Amino acid sequence: MRRLRRTQALRELVRETDLAPAHLVQPLFVMAGEGVREEIASMPGIERYSISELVAEATELQAAGIRAVILFGIPAQKDDVGSGAYDDEGVVQMAVRALKEAHPDLLVIADVCLCEYTSHGHCGVVRDGEVDNDVTLELLAKTAISLAAAGADVVAPSDMMDGRVGTIRHQLDEEGHADVPIIAYSAKYASAFYGPFRDAAESTPEFGDRRGYQMNPANADEALREVGLDLEEGADMVMVKPALPYLDVIGRVKEAFHVPLAAYQVSGEYSMLKAAAQNGWIDERAAVLETLTAIRRAGADVVITYYAKEAAGWLG
């Protein structure tokens, strides 16, 4: 077996898993203001951008070979029903229009959730201390329609409400957006690895947690049921989140369904790698490319990662 490992050329010749910038999606945080770039303390190297700075960052991403971004918004004000999420003049809606005008070839994916926009930090409308699934569905559909009308190429519901893919698909079709695909966060786990994102998006729940609607990390069969339901409801692509702790789930989903599959290397995964690298404990480039290759090897067609821009540079 060692004969084909002897030189770099031989190793590349028999390489089984490809990793290229085209496989990567860069998450971006957009906020109100002018000329703003705010570093996120728990995510070194990642920033919040005002819209003009977001457009400038997109120029650099495209130059690096990144073809797709996913947007998360930090509104100036929040309320109990997350109205900033479906405001036609909301920060993400305005960012989508600006990005598509400046970079028409850039694929703009818009996250669909209420958690960044609610004063309580939960992903839906809270009634009597619980998230009301069915009331939330209508607001998620309004959000998806607003984002599609602004020019988003793809909408990506991340809330984990039951039935939200079917509701969003129906409303998009009714409102003339039948060509807008849905990437469903189908197997989204109640993970300990989301902490830095909640700092970045200011979306930490004010009370309780999200275990009532996000998945139990102990369950894998349940992920297959979630994916199957989302596909039946009209999802065009499904997602497993987080990525590295759930490589087995990525593999099982790909083997069971053979549909386009995304995996999200989340904020905690990024920050652990970045912290270890900054302390000189790992070779950052080698470790990052190894993890991204592992996610691809497990079965992910697309990897959403905060390392997309850097990795694209390393991949050349």
Considering only the stretch 277-300, state which residues are more than 11 Å from LEU24 (Cβ to Cβ), of a type outside the set (A, V, I, L, M) and in contact (Cβ under 8 Å) with a residue 40 or more places away in the chain.
-> GLN278, THR291, THR293, ARG297, GLY299
Output the qualifying pairs, or none if there are none: Cβ atoms under 6 angstrom, residues six or more apart or on different chains, first residue in the stretch 143-156 and part of a loop (DSSP other than H, G, I, E, B), second residue open to solvent by less than 10 Å² (accessible area, probe 1.4 Å) and not β-branched (Val, Ile, Thr).
-> ALA152/ALA110
Filter result for the condition that a residue is modelled with pLDDT under 95 and under 25 Å from ALA277 (Cα atoms), over ALA41, ALA20, ALA85, ALA76 | ALA41
Filter the stretch 243-260 for residues that are within 10 Å of ALA187 (Cβ to Cβ) and not aromatic (Phe, Trp, Tyr); the one that is most open to solvent (accessible area, probe 1.4 Å) is ARG252
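Would you check if VAL81 is β-branched (Val, Ile, Thr) and open to solvent by 20 Å² or more (accessible area, probe 1.4 Å)?
Yes.
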Condition check for GLU269: of a type in the set (D, E, K, R) and open to solvent by 10 Å² or more (accessible area, probe 1.4 Å) | no
Number of positions in the stretch 22-53 that are touching a residue at least 24 places away in the same chain (Cβ under 8 Å) and buried (at least 19 other Cβ atoms within 10 Å of the Cβ) | 14
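The values are calculated or read from the model by the stated rules, or taken from the named source; none is laboratory data. All values derive from a computational prediction rather than experimental measurement. Heads up, the Cβs are rebuilt from the backbone with ideal geometry, glycines too, and the neighbour counts pull from every protein chain shown. Calculation scope for accessible area: heavy atoms of the full protein, side chains included, ligands and nucleic acids excluded. Shrake-Rupley method; radii C 1.70, N 1.55, O 1.52, S 1.80 Å.
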